1. Of everything in region 296-313, what is touching a residue at least 24 places away in the same chain (Cβ under 8 Å), within 20 Å of the chain's Cα centre (by Cα) and more than 15 Å from SER276 (Cβ to Cβ)? Give them in sequence order.
2. Being β-branched (Val, Ile, Thr) and under 26 Å from ASP188 (Cβ atoms) is the filter; apply it to region 203-228 and report the residue that is nearest to the chain's Cα centre (by Cα).
3. Looking at region 57-80, which of the residues that are within 14 Å of ligand 1 (Cβ to nearest atom) and of a type outside the set (A, V, I, L, M, F, W, C) is surrounded by the fewest Cβ atoms within 10 Å (Cβ to Cβ)?
4. Residues that are surrounded by 16 or more Cβ atoms within 10 Å (Cβ to Cβ) and modelled with pLDDT under 95: does region 2-23 have at least one?
5. Just checking, how many residues over region 190-214 are away from ligand 2 (no atom under 14 Å from the Cβ) and β-branched (Val, Ile, Thr)?
6. Hey, does region 285-295 have a residue that's more than 16 Å from ligand 1 (Cβ to nearest atom), over 18 Å from the mean Cα position of the chain (by Cα) and under 15 Å from ARG223 (Cβ atoms)?
7. Please state which one of LEU299, LEU251, LEU246 is surrounded by 18 or more Cβ atoms within 10 Å (Cβ to Cβ), more than 16 Å from ligand 2 (Cβ to nearest atom), modelled with pLDDT of 95 or more and not small (Gly, Ala, Ser).
Amino acid sequence: MSPDDELAPLPTAELHLHIEGTLEPELAVALAARNRVRLRFDGPEELRRAYRFSDLQSFLDLYYELMAVLQRPEDFTDLAEAYLRTAAAQGVRHAEVFVDPQAHLARGVPLEVVFEGLGEAFATAEERHGVSVALIPCFLRERDPAEAEELLPRLLRYRPLVIGIGLVSAETGRPPELFERVFARAADEGLHRVAHAGEEGPAEYVTAALDHLGIERVDHGIRSMEDPSVVARLRAEQVPLTVCPLSNVALRGVDRLADHPLKAMLDAGLAATVNSDDPAYFGGYLHDNVAAVTRALGLTLDERRRLAENSWRASFLPAAERDRHL
Ligand code: ES4
Ligand code: ZN
């Protein structure tokens, strides 16, 4: 296929991808065997059948449970390597990858295991897969903000691989303001800042994340569309949104892909991008998401080009490198 074909992948930056969410059932079962971890699933088929969700929390429960198979640095290397291979085939040329250090620390896996394991795969990603990679560790919003504040200095040691921080997990009852201090410190350290907001949480959480956390991109942000004043601000400030269509359908934030607000976001002049979130769980990687919304919403080739261009503008690449893709 050439890039002019309706559904050929365009070179794109992936800006919303949880590395733990790339754990395919086959790899989960293989790592469980390698590490002698018992899973309550008999094999990859049974596991794949469990990849069905009623909401964000039902997904997060399985996502955290399966992390048990990730024990050693090479497990993280294998996980990242599998993602990079698939992502490259889907047009991804740069990825700013999320990781959940607190989820691993909480089950006794040290930071070095996570970062050295991922770093091993990322160090050769450019030459092996033509993909440049950076890491954005995310704080878990259900945990005490003081824990995030204590963790931040330890994350700084992994610069320049680590370029920023994020905020993830279930939003309800955990407004962005709780994390104001750790985000302010990260800004002082020159780190980039993003946050999940307006996924299941209300449009006000998008505003709060912009005002209190100083975020440079909104992860998801689809519920912004419920408040015209939030839409007007996102448009005026050209705040990038990392939208994940298959995720929103899998977690029932949107009933059907045909009802997805992505097209309305583009029509409203928002800087929307398409990303894959937790592709092993939600039915597809970056181009699978683009192809699915293209069909469901009737996106034009020009609109797909705009999505790819938005991804480069929204990336945290140095300007000279970013502009090579525009
Ligand atoms: C996530 Cl889809 C989603 N939402 C919030 N937090 C997450 N962590 C991993 N996937
Ligand atoms: Zn996410």
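The values are calculated or read from the model by the stated rules, or taken from the named source; none is laboratory data. Please read these numbers as outputs of a predicted model, since none were measured by experiment. FYI the Cβ positions are ideal-geometry reconstructions off the backbone, even for glycines, and counts take in every protein chain you see.
1. Of everything in region 296-313, those that are touching a residue at least 24 places away in the same chain (Cβ under 8 Å), within 20 Å of the chain's Cα centre (by Cα) and more than 15 Å from SER276 (Cβ to Cβ) turn out to be ARG304, ARG306, ASN310, TRP312, ARG313.
2. Ranking the candidates gives VAL218 first.
3. If we take residues in region 57-80 being within 14 Å of ligand 1 (Cβ to nearest atom) and of a type outside the set (A, V, I, L, M, F, W, C), then ASP61 is surrounded by the fewest Cβ atoms within 10 Å (Cβ to Cβ).
4. Scanning region 2-23, I find no residue that is surrounded by 16 or more Cβ atoms within 10 Å (Cβ to Cβ) and modelled with pLDDT under 95, so the answer is no.
5. 2
6. Within region 285-295, none of the residues are more than 16 Å from ligand 1 (Cβ to nearest atom), over 18 Å from the mean Cα position of the chain (by Cα) and under 15 Å from ARG223 (Cβ atoms).
7. Values: LEU251 fails: more than 16 Å from ligand 2 (Cβ to nearest atom); LEU246 fails: more than 16 Å from ligand 2 (Cβ to nearest atom).
After applying the criteria, what remains is LEU299.
Conditions (1) among the hydroxyl-bearing types (Ser, Thr, Tyr); (2) in contact with a strand residue (DSSP E or B) (Cβ under 8 Å, 6 or more places away or on another chain); (3) farther than 25 Å from VAL274 by Cβ; (4) within 15 Å of ligand 2 (Cβ to nearest atom), marked per residue:
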residue: PRO175; (1), (2), (3), (4): no, no, yes, no
residue: ARG217; (1), (2), (3), (4): no, yes, no, yes
residue: HIS220; (1), (2), (3), (4): no, yes, no, yes
residue: VAL239; (1), (2), (3), (4): no, yes, no, no
